[in-house]
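Engineer: I am attaching a structure below and will ask some questions about it afterwards.
The values are calculated or read from the model by the stated rules, or taken from the named source; none is laboratory data. Predicted model only: the values in this text are computed from it and were never measured. Cβ coordinates were reconstructed from backbone atoms using ideal geometry, including for glycine residues, and neighbour counts include every protein chain displayed.
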């Protein structure tokens, strides 16, 4: 079974767990994914089966697109809503202020990877150190924000903004949300994240775990398998 599946990962589980569910469901030994999604995040997760696992790195190299929500006035130790609140204050922000700040991040920017990332530091992944309460210095990295479409704004003591972000590989959306808050002089965190595109893979064409289960049980799994994954390894 050498193919990939465009999975719509549900919230509440890790990318590894999502792959493991499919692996056990289909009774196969070799499976992996191209591009981790955090537990709270949903959307496109490219699941590689069999020999397709060899192409996971090239599949990960494509640009991504995310729908994200930024909540202002609240910061967390992880940068997203799964973390512990580290600051909570009422803020006064208008939609125009946020729009202007969002626009300033389009182009090539520097990002410091979060401690909860999978980057290695002296043989350990940063998130493993973070779980032990250890924080280490991280070098900033250049990433590119190709575009950010402003989708909506909700006012209040903790205003929220929704944006559609097109970006290069390696961009941390939680860090982007925090940095937009810093630009405005207020705490902020990523309160929602959905990956809508990964290279040529679109969430509109994705399958849920339940879809895959039903197709497999009805002998129609082939409908969810993408065999020409090498051809889809291109930027949209």
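Engineer: Kindly indicate which of 219, 170, 156 is assigned to a loop (DSSP other than H, G, I, E, B) and in the same structural domain as residue 34 (by TED's automatic domain parsing).
Structural biologist: Values: 170 fails: in the same structural domain as residue 34 (by TED's automatic domain parsing); 156 fails: in the same structural domain as residue 34 (by TED's automatic domain parsing).
After ruling out the rest, the residue left standing is 219.
Engineer: Looking at 209, 184, 193, which one is modelled with pLDDT of 95 or more and buried (at least 22 other Cβ atoms within 10 Å of the Cβ)?
Structural biologist: Testing whether each residue is modelled with pLDDT of 95 or more and buried (at least 22 other Cβ atoms within 10 Å of the Cβ) leaves just 193.
Engineer: Another question about this same structure. One residue is enough: does region 197-205 have a residue meeting the conditions within 30 Å of residue 28 (Cβ to Cβ), without any contact (Cβ under 8 Å) to a residue 60 or more places away in the chain and under 22 Å from the mean Cα position of the chain (by Cα)?
Structural biologist: Yes.
Engineer: Additional query: Kindly list, by first and then second residue, each pair from a residue in region 19-31 that is in contact (Cβ under 8 Å) with a residue 60 or more places away in the chain and in the same structural domain as residue 217 (by TED's automatic domain parsing) to a residue that is surrounded by 14 or more Cβ atoms within 10 Å (Cβ to Cβ) and outside any helix (DSSP H, G or I), limited to pairs with Cβ atoms under 6 Å and residues at least 6 apart or on different chains.
Structural biologist: If the second residue must be surrounded by 14 or more Cβ atoms within 10 Å (Cβ to Cβ) and outside any helix (DSSP H, G or I), the pairs left are 22/47.
Engineer: Right, another one. I need the full set of residues from region 46-94 which are surrounded by fewer than 17 Cβ atoms within 10 Å (Cβ to Cβ) and either in contact with a helix residue (DSSP H, G or I) (Cβ under 7 Å, 6 or more places away or on another chain) or in a strand (DSSP E or B) (or both), in order please.
Structural biologist: 85, 86, 87, 88
Engineer: Is it fair to say residue 129 is at pLDDT below 95 and assigned to a helix (DSSP H, G or I)?
Structural biologist: yes
Engineer: Against the condition loosely packed, with under 14 Cβ neighbours inside 10 Å, in contact (Cβ under 8 Å) with a residue 12 or more places away in the chain and on the phi > 0 side of the Ramachandran plot, how does residue 12 come out, does it pass?
Structural biologist: The answer is yes for residue 12.
Engineer: Restricting the search to region 20-37, which residues are within 21 Å of residue 64 (Cα to Cα) and surrounded by fewer than 22 Cβ atoms within 10 Å (Cβ to Cβ)?
Structural biologist: Correct list: 32, 35, 36.
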